[in-house]
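The values are calculated or read from the model by the stated rules, or taken from the named source; none is laboratory data. This one's a predicted model, so the numbers in the text were calculated from it and none came from an experiment. Here Cβ is always computed from backbone atoms with ideal geometry, including for glycine, and neighbour counts include all displayed protein chains. Surface accessibility is based on the protein's heavy atoms, side chains included, excluding ligands, DNA and RNA. Shrake-Rupley method; radii C 1.70, N 1.55, O 1.52, S 1.80 Å.
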Amino acid sequence: MKAPVSWIREFADLPASAGVNDIAAAVASVGFEVAGIEGDVIDFEITANRPDCLSVRGLAREARTAFGGQSPGSRVPGLPAVARNAKVGPESEVPVTIESELCGRYALALADVTVGPSPAWLADRLTACGIRPINNVVDVTNYVLLEIGQPMHAFDVARLAGPEIRVRMARAGEALTTLDRQARTLDPSMLVIADAARAVAIAGVMGGATSEVSASTSRIALESAWFQPASVRATSKRLGLKTEASARFERGVDLEAATAGLACALDLLERIGAGHRLGGITDRYPSPAADRAVILLRSRLDRLLGDQVPDADVMRILTSLGFVVTPAGTDWHIRVPSWRVDVAREADLIEEVGRHWGVNRVPATFPALRTPPHRADAAVLRARRLRRLLCGAGLQEAVTFTFIEQAAAEPFASDSASLVTIANPLSEKFAVLRPSMLPGLLDALSYNRRRDIADVRLFEAGSVFSTQGERQRVGWVLSGARQVHWSQPLADVDLFDALGVAELLAGAFGVTCRSEPAADAPWCVPGRAAALFVDDGGASKYVGIVGQLLPTLTSARGLPAGVTVVGGELDLHELIDLQGANAAPRRVTPLPRHPSVQRDLSILIDAGLPAAAVRGTIQANAPATLVDVREFDRYHGKGVPTGQVSLSLRLTFRDRDRTLTDAEVQQAVEAIVEALTRTHGTTLRGN
Amino acid sequence: MAASSIEDLSRQFRAALDAASSPADLKAVRDDFLSRKQGRVTALVKSIATAPPEERRALGSLANALKQDIEEALDARDAVMLATAGPKDAVDVSLPARRPWVGRRHPLTQVRERVEDIFMAMGYQVIVGPEIEDDWHNFEALNMPASHPARDMQDTLYLSAPVPAPDNGRAATLLRTHTSGMQIRYMEAHDPPVRIIAPGRVYRRDNFDATHTPMFTQVEGLVVDEHISLGDLKGTLNAFAEEFFDAKVTTRFRPSFFPYTEPSAELDVECQGCSGRGCGLCKHTGWIEILGCGMVHPAVFEAVGYDANRYTGFAFGMGIERLALRLYGVDDIRMFYENDLRFLEQIAL
Ligand SMILES: [Zn+2]
C-alpha cells in the first residue's frame, strides 16, 4: 500500500518535525514493513490480517499511535457520521434486492455527472498510490477506496436494464465481459451484481464493460457494498483476477463503512464539480453486525507480555487505534471498532498493546525448565551417526531436491504407477516426488564430473515417496579413482566399493547384510547388481540394493562412455525395525584368551560358482572352532583351466577355552576339502 | 644335489650379505636368493623333488632351515641399515602424501546441527516428522482455515492424489509449507510442558532466484507451560543468536503477523558486515532478518485440546539457508543445492 505522507497527515496529528523517513520508521516499528520510499510516498507492506490498513486512514491511525497517540484536543476526522442502517432521506430510485447471504450489505446512491478528467491534485494522489487516473467519476471511487478502504463501483444507469440491481449467484455459463475487456464465463459459485436482464459486475472483483462509465454517461449508480471474504477470494482465484477491490474484500472490509463510503464519494463528486447527488441512499443491510466487546484482564496482559505496561499507556494505545476502552477495576472493557476484523479475543488486544508499547522494551527473561528434558528423537540421533560414519568413510554429503522429473524418476521406481506426482508443479522438472535417493545423487555426481572433478563420492539421507507413503533412506554414488597417488596406477571404483558402503552401514545398525544377484533392477547394468538382505529372526529381509548404473543413465547426464558409476541405497525403516527388535544395547563378547590358527586353502572352482556357496559349504562342514572364512585371492588366466577360477581362502580356527592342536586343525581342514570336492567338484591347488 | 651344495649356498649368501652396503644392495641379495621365480634357494627347494626318495626328507629340512636363516639375516640387516640410513636413501617427503578420503557434512546439515545443539543445550527435544502433510496439520489447526487469506502467504504444492500416513492418520495431500505442523503433531501426542524443536525440509511454489528455492530447510521451536511470556521468547532467542553467531549481537524484534502466533514478531540481528551502518549484505538497512516468532495463538491450543486459559507458549521458525548464507558469506542460496564439490570442500570438516 503506497501512501503519500501528506495524505496521512490529513488524518493523523503527527509532529511537524517528523520527516518521511521518521514516519516510515515509526510505522515499520509497529508491524508495517516499508518496501520503499519515493519522495513523499511510503510503500508499506500490509500483513494479511490488516485490511483496515489498506487505506490511508488505517495507516494514519497506526502512525499517530506510533508517535504516542492522539494528543488531547487534536481533531482527527473519523468516518462521516452516517447512522447504522439509517435511511438518509428517501431511497434511491433504483431498486436493490439482495438474493444471497454472501452479500452482507449493499448501499446505492444515484448522481448526475459530467464525465471528464479529474483535477490534478486528485489524479496525482491516485498516481502516487499506483492507480491510473481514468475519469473524474472512476477516480472518485478509487480515491475513496484508498482513503477509507471501501471499494466502490459506478454503473452507467442508462446501461442498466430496469434499471434495477439484483445481487445474486451467477447462472451456469453466464457470460460477462469485464472492464479489462476479457470475456469471462461465470459459474453458480460466483456472486454477481445483475440488472433486470444480466450480470453487470462480478461482486467485489470487477465491473462489467457494458455498464462502464464513459464520456457519454450522465447518470451513475454508485455501489458501496460488503461481500463475504471467502466468496470473493474463491471467485478471484477461480477467475485468476486480482483487483484492488478483491484484495480488500477477501481480507475483510469494514461492514459499517458502506454508507460512509457513499457519503465520501458524493461529497467528493460535488467538491470537484463532477456531479451532484440525486435522491436518497438505498441501504440494504439485512443482519447488522453486533458490537464486539472483549474484556482485557490486567493479569493476562502481564503474563503474556512478561512486562507491566502502565494503565495510561494501555488506554492511550487502544484509544488511539480506535478502540473504546472502559476501565473496570484493574481490567478493561473494550469495544472493538468495526474496521478491526482481525480483533476477536483478548490475545488480539494484548498484541495491540505489545505492538505499540514495543516488543523491544519487554525485558528478556529465560523460561524455567520444570520437567527433565528429553533426548532427541532416535531418528535424529541415528541420522547424525550415519552422516558422521559416511563422512568418515570418505563420502561427501549432498543435498538434492525432493521433486524431480518424471523421466528421471521412472528407472528408480518399482513401477511408474507408484510415483507420487505434484498437482501444481513449478515445472515438469519438479513434477514427481523422488522414489529413490539415486536420481538426485546421480545428477549431483554428473554435475561435478562435467566440471572435470573426476573422483566423486556422494551420499544423502532423507525421505523418498511412493503411493504407499514416505520412507527414510540413505543412498550413495561413487565414481572415479579408489585412491589417487603418484606411487600407484589409478584404479576406478567398482561394485565392491559400493557394496562396502552397504556393509559399513548395516554394521552400524548392528546387522550383517548379505548380497544376492538382483535380476530386475532397472537402473543397473545386468549382472552388476546386488540385492541386500539381512537376517530377521531366521527370515531373510530385503533392505536395499547396490549396482553399477546403466550407461544410458550416465550418458543422459552428459557423462562420457567408459565412466563407471556405482551406487546403492538402504531403507532405513527396515534397518530401524530390525534394530527395534534387538533394541537392547549391544554387549561386547569377552576377548579370546587363546591363540588362533590360520590355514590357507587354494581351490579351483567353476567360474560361475558364487563365493557364498563355497563359504556355506565350508561353514556347514567345519567344527565350531572355525571362526572366520575370508577370500583373499581370486584368479583366472595362466595356469587355471578355462571356465574355472582359483579361489584362495584363509580359514581361522580358535577355541574359547584352549589352544587348538595342529592335528585337530589339520583334520578339520581335510574334512572341509573333502566336502568341497564332494559338493562342488573343486580341486585343491598346489601351493 | 647334496648337503654340501646347501652349505655352499649358505657361504655364498654370507659373502653377498657382507658385501651389501646399501638398501639397494640388500634388495638385490634378497632377490638373488629368495625370489619366487629365479631365487637360488627357490631353485634348490625345487631340485629336492628330483633327489632320491630316502634323502628327500633330510634335504628338505636342511633347505628349510637355510631359507629361514637367510630370511632372518636379511631382516636383521635391513633393520640395521634403516637405522643408519644415509641421505641418499632418504624419501622425498615433498612428494604428495597418500591422503585418506574424508567427506564433509553438507553446510545446511552443519548449520542445522549447530542450531539443534544450541537448543539441546537449553533442554529442547529435537523431533522430526513427515514432509508430506495433511491440511489439518499444515493449516487448519494452525488457525488457517480454508479460504484464510494467510494461506496465500505460502504458495502450496499439492499432491495429485492423497498418500497414506504411516500412523493411519489423515492422508497427506500436500508438501508441508513450514515445519509448524510439527507443533500440532507434538501437542496432539503430549501434554504440557513442551520444549521442542523440529527441523526439516519445507516446500513452497516459489521460483528460483538468489534468495528463493522451492525447497528449503526450517527449524521450528515450541515452548508451552503455565507461565511462558513474550519476555521468555526474547530471552531465549537472544541467547540463541549469541550462541549461533558466537558473538555479542544486537537484536531487534519487529511486530509481524502469523496466523498461529499472537503477538507475532520477526527477529532481526544487527548486520555484522557493516555493524548496522548499512551495506549490500543487509540491503542497506543495517539489520538482517533471521526468524519469525510469537506467542502461541489460543486457537492453536484449542485445536490440540490444551487449556488456553492455563497455558501460554511461544513458537519460532527459522530458515536454515538464510542462516547459512550469513555464516558462510554466500550470496546465492542455489549454491547449497548444486552440490559442487569445489564449494562443499571449502566448508569446515
Ligand atoms: Zn550490512
Check: Can you tell me how many residues in the stretch A:629-681 are touching a strand residue (DSSP E or B) at 6+ places or on another chain (Cβ under 7 Å) and either basic (Lys, Arg) or outside the structural domain of A:GLY616 (by TED's automatic domain parsing) (or both)?
Finding: 4
Notebook entry, point to check: For the stretch B:305-325, what are the residues that are in contact with a helix residue (DSSP H, G or I) (Cβ under 8 Å, 6 or more places away or on another chain) and more than 24 Å from A:SER299 (Cβ to Cβ)?
Noted result: B:PHE316, B:MET318, B:ILE320, B:GLU321, B:LEU323, B:ALA324
Check: If you scan the stretch B:156-214, which residues turn out to be open to solvent by 70 Å² or more (accessible area, probe 1.4 Å), more than 9 Å from chain A (Cβ to nearest Cβ) and more than 21 Å from B:ARG322 (Cα to Cα)?
Finding: B:PRO162, B:ASP167, B:ASN168, B:ARG170, B:GLU188, B:ALA189, B:HIS190, B:ASP191
Check: Quick one: what pairs do we get from the stretch A:290-304, first residue without any contact (Cβ under 8 Å) to a residue 12 or more places away in the chain, second in a loop (DSSP other than H, G, I, E, B), C-beta under 6 Å, 6+ apart or different chains?
Finding: A:ASP302/A:GLN308
Note to self: When you check B:ASP331 against the structure, is it in contact with a helix residue (DSSP H, G or I) (Cβ under 9 Å, 6 or more places away or on another chain), assigned to a loop (DSSP other than H, G, I, E, B) and either more than 16 Å from the ligand (Cβ to nearest atom) or not assigned by TED's automatic domain parsing to the domain that holds B:GLU113 (or both), yes or no?
What the structure shows: no
Next item on the list: Search the stretch A:5-25 for residues that are open to solvent by 50 Å² or more (accessible area, probe 1.4 Å) and pair each with any residue that is assigned to a helix (DSSP H, G or I) when their beta-carbon atoms are under 8 Å apart and the residues are at least 6 apart or on different chains.
Entry: A:ARG9/A:ALA60; A:GLU10/A:VAL56; A:GLU10/A:ALA60; A:ASP13/A:ARG64
Next item on the list: Sort out which residues of the stretch A:428-467 are within 7 Å of chain B (Cβ to nearest Cβ), of a type in the set (S, T, N, Q), over 18 Å from A:PRO551 (Cα atoms) and out of contact with any Lys or Arg (no Cβ under 8 Å at 6 or more places or on another chain), and write them in order of number.
Entry: A:THR467
Item checked: Residue satisfying all of: in the stretch B:256-275; more than 20 Å from A:GLY306 (Cα to Cα) and part of a loop (DSSP other than H, G, I, E, B); farthest from the ligand (Cβ to nearest atom) among these -> B:PRO259
Item checked: Matching residues, the stretch A:272-303, being within 14 Å of another protein chain (Cβ to nearest Cβ), open to solvent by less than 20 Å² (accessible area, probe 1.4 Å) and not in a strand (DSSP E or B) -> A:LEU301
Notebook entry, point to check: Can you tell me which residues in the stretch A:475-533 are within 20 Å of A:GLY547 (Cβ to Cβ), touching a residue at least 60 places away in the same chain (Cβ under 8 Å), away from chain B (no Cβ under 12 Å) and hydrophobic (A, V, I, L, M, F, W, C)?
Noted result: A:LEU495, A:ALA498, A:LEU499, A:ALA502, A:LEU504, A:LEU505, A:ALA506, A:TRP523
Next item on the list: Answer with yes or no whether B:LEU323 is within 15 Å of the ligand (Cβ to nearest atom), in a helix (DSSP H, G or I) and assigned by TED's automatic domain parsing to the domain that holds B:VAL115.
Entry: no
Checklist line | Members of the stretch A:380-398 found to be at the interface with chain B (Cβ under 8 Å from one of its Cβ atoms) and open to solvent by 40 Å² or more (accessible area, probe 1.4 Å), listed by number | finding: A:ARG388, A:GLY392, A:ALA393
Check: Are there any pairs, at least 6 apart or on different chains, whose C-beta atoms fall under 6 Å, with the first in the stretch B:273-286 and in the same structural domain as B:ASP331 (by TED's automatic domain parsing) and the second near the ligand (Cβ under 7 Å from one of its atoms) and assigned to a helix (DSSP H, G or I), and if so, which?
Finding: B:GLY273/B:LEU281
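Take the residues in the stretch B:276-300 that are among the small types (Gly, Ala, Ser) and near the ligand (Cβ under 8 Å from one of its atoms); name whichever of them is most open to solvent (accessible area, probe 1.4 Å). Spell out how you get there, then give the answer.
So the first thing to find is which residues in the stretch B:276-300 are among the small types (Gly, Ala, Ser), and the list is B:276, B:278, B:280, B:286, B:292, B:294, B:299.
The next check asks that each one be near the ligand (Cβ under 8 Å from one of its atoms); those that pass are B:276, B:278, B:280, B:286.
Working: B:GLY276: 33, B:GLY278: 25, B:GLY280: 59, B:GLY286: 1 Å².
Among them, the one singled out is B:GLY280.
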Next item on the list: Could you list all residues from the stretch B:110-127 that are open to solvent by less than 10 Å² (accessible area, probe 1.4 Å) and either basic (Lys, Arg) or assigned to a helix (DSSP H, G or I) (or both)?
Entry: B:VAL111, B:GLU113, B:VAL115, B:GLU116, B:PHE119
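Mind telling me which of the residues A:ILE404, A:ILE453, A:ILE422 ends up being free of Cβ contacts under 8 Å to residues at least 24 places away in the same chain and within 20 Å of the chain's Cα centre (by Cα)? Please lay out each step first, then the result.
On the way: A:ILE404 fails: free of Cβ contacts under 8 Å to residues at least 24 places away in the same chain; A:ILE453 fails: within 20 Å of the chain's Cα centre (by Cα).
Criteria check complete, one pass: A:ILE422.
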Next item on the list: With respect to B:GLY305, determine if the residue is more than 23 Å from B:PRO214 (Cβ to Cβ), of a type outside the set (A, V, I, L, M), touching a strand residue (DSSP E or B) at 6+ places or on another chain (Cβ under 6 Å) and away from the ligand (no atom under 16 Å from the Cβ).
Entry: no
